Protein chains: 2
Amino acid sequence: MSTRRALTRNQALVLDTLTACDEPLSAYAILDRLRGEGVRAPLQVYRALDKLVETGLVHRLDSLKAFVACSHPHEHDGAAVVAFAICENCARVWEFSDSKIEDRFAAWAEAESFLTKATTIEISGLCVSCRKAAEATEGAKTAV
Amino acid sequence: MSTRRALTRNQALVLDTLTACDEPLSAYAILDRLRGEGVRAPLQVYRALDKLVETGLVHRLDSLKAFVACSHPHEHDGAAVVAFAICENCARVWEFSDSKIEDRFAAWAEAESFLTKATTIEISGLCVSCRKAAEATEGAKTAV
DNA sequence: CAAACTCTGTAATGATATAACATCGGAGTT
DNA sequence: AACTCCGATGTTATATCATTACAGAGTTTG
Ligand SMILES: [Zn+2]
Ligand SMILES: [Zn+2]
Ligand SMILES: [Zn+2]
Ligand SMILES: [Zn+2]
């Protein structure tokens, strides 16, 4: 057993950086934060990210070209389809899954005989706090 | 009325290129195919793509960093959530939508007070023909 | 020890996307 | 026609994201 291999130094550094940050970071942003730790080249970061993504500890958000630490590791080990809601104002990310949605995708794939290997779902918009802030500003503007 | 503006020369060239191609193309691949028509710089392609994506005639597939002509324009004018199934072998794309899936996303957003602005769904896997081809090869391998 | 393997470091390069600036040309006005 | 406005265009340079290629260091395993 024990597919749960310990992290290498670079992997741990990258994961810690992402975990400490409440918004997604690009590979080069991670690199910048790790120069003090002796990380010098993009490839060192990309290699660590590859492994972390592979093991599910980190997710890549295609729409942002950025990476984020999984907010609930161990829960969606492998199979589950996860959706990401990304606030375009504060950049925070909410991760959720929904078995009904999974079922519908599975039904479509079944009907088309499509063999699904990966599903990417990214929703962009405004989180509740940014939304309220925006509405307040908007309200003030129209009121005056 | 008539938000249905005619396409400019560059926009028409780019759209024609994508429509004539049965797989997604990167911006630079489009550029290469249009050099004969006098298109010389990436920006000319990106500008045309921006407009085409904005009007819904073209979609960008984040997971491929590539663009594809909409397979049924005018149908999903604006609102609808569209999912793309992409064959990782032949690169062809199937575009579909499902109101039940939309409802579930809307329900999540409602519960979280998240204001959705865009939803990206990309499924990668094997289309029916590539899947059958792969299974045939696999079968032959194990049989012999 | 040596083979096989994995992780590492470094340099160079490739691929994707945008910034900045000058210019062109049609639409509406005078 | 001359003037102005505004969006599209062309060009160069640059920013950002990601990979290839190669060599070395450390570990298991036989
Ligand atoms: Zn996760
Ligand atoms: Zn927010
Ligand atoms: Zn479409
Ligand atoms: Zn296929």
message: If a paramagnetic tag sat 7 Å from the Cα of B:S113 along the Cα-Cβ line, which residues of the stretch A:87-107 would have the backbone N under 20 Å from that point?
response: A:87-96
statement: For the stretch A:57-139, averaging the sequence separation of alpha carbon pairs under 8 Å that lie six or more residues apart and dividing by its residue count, the contact order in percent is 29
Neighbour net charge for B:L115 - beta-carbon separation under 13 angstrom, K R +1, D E -1: -2
statement: Out of A:A83, A:A12, A:A133, a Gaussian network model of chain A with alpha-carbon springs under 10 Å gives the largest mean-square fluctuation to A:A133
field: the stretch A:77-144, accessible area per residue, ligands and nucleic acids excluded (1.4 Å, Å²)
entry: 55
Which listed pairs, of A:K100/B:K117; B:K65/B:K100; A:K117/B:K132, have C-alpha distances above 26 Å, in listed order: B:K65/B:K100
task: Pull out the extension gain between B:A6 and B:V53, defined as 0.36 nm times the separation in residues minus the alpha carbon to alpha carbon distance; nm, one decimal.
output: 15.5 nm
task: Would you compute, from DSSP H runs of 4+ residues alone, the mean residue ellipticity of chain A at 222 nm, taking -39500 (n - 2.57) per run and dividing by the full residue count, rounded to the nearest 500?
output: -14000 deg cm²/dmol
query: What average number of partner chain Cβ atoms lie no more than 10 Å from the Cβ of the residues making up A:124-135?
result: 3
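The values are calculated or read from the model by the stated rules, or taken from the named source; none is laboratory data. Since the model is a prediction, treat every value here as computed from it, not as a measurement. Reconstructed Cβ throughout: ideal geometry from the backbone, glycine too, with neighbour counts over all protein chains shown. Just the protein is used for accessible areas: all its heavy atoms, side chains included, with ligands, DNA and RNA removed. Shrake-Rupley method; radii C 1.70, N 1.55, O 1.52, S 1.80 Å.
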